Amino acid sequence: MQLFYNPNINKTTESFSFDKEESKHIIKVLRKKDTDILYVTNGLGFLFKTEITLASDNKCTVQIISFETEAPKKFQLHLAVAPTKMNDRFEWFLEKATEIGINEITPIICDRSERKVINAERFEKILLTAMKQSNVLYLPKLNNAITFKEFFKHENEGLQLIAHCEETDKISLKSVLKPNTNVTLLIGPEGDFSEKEIALAIENNFIPVSLGNTRLRTETAAIVACHSVVFVNEEE
């Protein structure tokens, strides 16, 4: 199934038109024509079956035939990850985390961060492309980049965890994860969190965890954490 996206449709929508860029892709590149079927999501768990009524490369119009919904997962996964020095590494994380099944992402600027500015518009496009390519019906939420300290001004539900490399008391991630439980997990920059940041997280009731015996890159650690949470919640 090839999946398309329109954030403005819902269960009361009867027909709609794609923008010029998407219309050109549908008609010129994919060579779709009148009466062809397209599947569209709004990124909120809906899958719409639509039929092309106007095959125009300027304004491709479709009529909604039917729709179905996918129930939200019984857990929410929020990763707060420090942007990597090389943009492509963070972009890889965004793509793969969307495929695996993340709900929310917050870029956090830390004491040792080498990158303090992100291109949110580009990141959004990567999330959207990954959602469509993997036939995921929920678009992950990308929050604005904030400082590590600012992050604790926001409330988080469920398990609150911080993964770091310091030789201090930690428990393994797999030992603390539970099915159907919301998880917020902090992943630091290439130079890891500072001791001050780790202490601040603990003061805010975050539990220090280990992701294994090897030292992982930021984006690798984030993917390991993402997969671990989703794996624990897989239904048999």
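The values are calculated or read from the model by the stated rules, or taken from the named source; none is laboratory data. This one's a predicted model, so the numbers in the text were calculated from it and none came from an experiment. Here the Cβ positions follow ideal geometry from the backbone for every residue, glycine too, while neighbour counts run over all protein chains shown. Accessible surface areas use protein heavy atoms only, side chains included; no ligands, DNA or RNA. Shrake-Rupley method; radii C 1.70, N 1.55, O 1.52, S 1.80 Å.
Annotations for the structure displayed:
- Meets criteria (under 28 Å from Asn8 (Cβ atoms) and hydroxyl-bearing (Ser, Thr, Tyr)) for Thr129: yes
- Picking from residues in segment 114-125 that are assigned to a helix (DSSP H, G or I) and within 10 Å of Asn87 (Cβ to Cβ), the one that is least open to solvent (accessible area, probe 1.4 Å) is Phe123.
- Residue, surrounded by the most Cβ atoms within 10 Å (Cβ to Cβ), within segment 87-113, restricted to residues that are assigned to a loop (DSSP other than H, G, I, E, B) and over 9 Å from the mean Cα position of the chain (by Cα): Cys110
- Every residue from segment 1-58 that is within 25 Å of the chain's Cα centre (by Cα), open to solvent by less than 70 Å² (accessible area, probe 1.4 Å) and among the hydrophobic types (A, V, I, L, M, F, W, C): Leu3, Phe4, Ile9, Phe18, Leu38, Val40, Phe46, Leu47, Phe48
- Breaking point among (1) modelled with pLDDT of 95 or more; (2) in contact with a Pro (Cβ under 6 Å, 6 or more places away or on another chain), for Leu159: (2)
- One residue from Thr84, Thr35, Thr12 being among the hydroxyl-bearing types (Ser, Thr, Tyr), under 30 Å from Glu157 (Cβ atoms) and assigned to a loop (DSSP other than H, G, I, E, B): Thr84
- Qualifying residue in segment 182-196 (condition: within 17 Å of Arg112 (Cα to Cα), out of contact with any Pro (no Cβ under 8 Å at 6 or more places or on another chain), aliphatic (A, V, I, L, M) and at pLDDT 95 or above): yes
- Pair list, Cβ under 6 Å, 6 or more apart: segment 134-150 residue at positive phi, other residue modelled with pLDDT of 95 or more and of a type outside the set (Ser, Thr, Tyr): Asn135/Leu3
Per-residue answers, yes or no, for (1) of a type in the set (A, V, I, L, M, F, W, C); (2) within 15 Å of Leu139 (Cβ to Cβ); (3) touching a Lys or Arg at 6+ places or on another chain (Cβ under 8 Å):
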residue: Asn8; (1), (2), (3): no, yes, no
residue: Thr13; (1), (2), (3): no, no, no
residue: Lys24; (1), (2), (3): no, no, no
residue: Ile37; (1), (2), (3): yes, no, yes
residue: Thr50; (1), (2), (3): no, no, no
